[in-house]
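Read-outs: derived from the displayed coordinates by stated rules, not from any lab. The structure displayed is predicted, hence computed values, not measured ones. Neighbour counts run over all protein chains shown; Cβ positions are idealised from the backbone, glycine included.
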Ligand code: MRU
């Protein structure tokens, strides 16, 4: 993404060659600020407090967190304690554990003296793999958008998305946004309905910011609007991301995704999930029973932060003191409501056979 005349990814090595720079997403959309991570503790804090968020970016930050740990101390004990520190930061997105397991698989057999260089190298590869995966998801999703565009020649394709599964949630391109950017760049007229995504407003503050910077026409809508739009033929397809997809194709994503899938099903609107393979958890089958759902602090529900007319960032309380609040961060959409999974290896059905066939090497592990 070009910001202030410079091309950015969401995570990169600092010019000193070992620290890691990120964009502080808690400041969006009003302030674009980068932060340097120098220790595994700082990487853990960035994930837990959501300076970085989105399943793939959480995974890559954790991988670099392991590299920062190996720079300080490359012993077996340090490897294990960095893993424990980082894996506890957020419970739902499986990319976190996937990346930490991958780093451990590569580092554990090595002598301590070799671990530091190997850790940085594998973390950089995981970041590059994420970019390549998202570009492939973009190409595969483009085929679907092209097909829908062929059914309404000359008309704008309206795509609904929830939360931020965009550039900011990954290293580059995004997952759900990759087909959108690819189609827009190919000249297909696209308009995106952006669910604001309470309580943290990732749609309003992150996805809208991205689409604006990429020049994609879009409209931010309150979360409950999608069903009404679908009933009136104003949504051609939905594309969302996922934090964890089970072996049978159940999709865990930001809270509210399930209700959009239900509305899409009721109105015959295709509901696609952009799924990079590190987000598949083959150890889990029934998403509703088996995926741990993160519950976050009530402050995110009871308060809102924004910019005042005179440019100050302020937080205000919107719930009466004394009322209880609940903050479930994710929900599960059963596979039966998913039209297709847009993966780096093509668009596949959301069922056990299709997923195992597309990723046999992962399914067999
Ligand atoms: O709580 P967040 O902001 O990390 O949640 C992000 C999402 O729900 C995304 O849709 C998901 O991680 C997929 S990102 C490509």
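For residue 132, are the conditions met, namely being over 27 Å from residue 296 (Cα atoms) and in contact (Cβ under 8 Å) with a residue 60 or more places away in the chain?
yes
If we scan the stretch 77-99, do we find a residue that is in a helix (DSSP H, G or I), touching a strand residue (DSSP E or B) at 6+ places or on another chain (Cβ under 7 Å), within 16 Å of the ligand (Cβ to nearest atom) and in contact (Cβ under 8 Å) with a residue 60 or more places away in the chain?
Let us first name the residues in the stretch 77-99 that are in a helix (DSSP H, G or I), namely 77-87, 94-99.
Filter once more, keeping what is touching a strand residue (DSSP E or B) at 6+ places or on another chain (Cβ under 7 Å): 94.
This time we only want the ones that are within 16 Å of the ligand (Cβ to nearest atom), so: 94.
If we keep only those that are in contact (Cβ under 8 Å) with a residue 60 or more places away in the chain as well, we get 94.
Checked against the condition, which is being in a helix (DSSP H, G or I), touching a strand residue (DSSP E or B) at 6+ places or on another chain (Cβ under 7 Å), within 16 Å of the ligand (Cβ to nearest atom) and in contact (Cβ under 8 Å) with a residue 60 or more places away in the chain, the stretch 77-99 yields at least one hit.
Going through the stretch 334-365 one residue at a time, which ones are closer than 15 Å to residue 281 by Cβ and part of a strand (DSSP E or B)?
341, 343
Sort out for me the helices (runs of 4 or more DSSP H) sitting completely within the stretch 173-231 that have 2 or more residues that are surrounded by fewer than 19 Cβ atoms within 10 Å (Cβ to Cβ).
208-214, 226-231
If you take the residues of the stretch 259-298 that are assigned to a helix (DSSP H, G or I) and within 14 Å of residue 355 (Cβ to Cβ), which of them is nearest to the chain's Cα centre (by Cα)?
For the stretch 259-298, the residue satisfying everything is 279.
Within the stretch 263-280, how many residues are within 12 Å of residue 363 (Cα to Cα) and either surrounded by 22 or more Cβ atoms within 10 Å (Cβ to Cβ) or away from the ligand (no atom under 16 Å from the Cβ) (or both)?
2
For (1) touching a residue at least 24 places away in the same chain (Cβ under 8 Å); (2) more than 30 Å from residue 46 (Cα to Cα), each residue gets a yes or a no:
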| residue | (1), (2) |
| --- | --- |
| 160 | yes, no |
| 165 | yes, no |
| 175 | yes, no |
| 194 | yes, no |
| 223 | yes, no |
| 232 | no, yes |
| 236 | yes, yes |
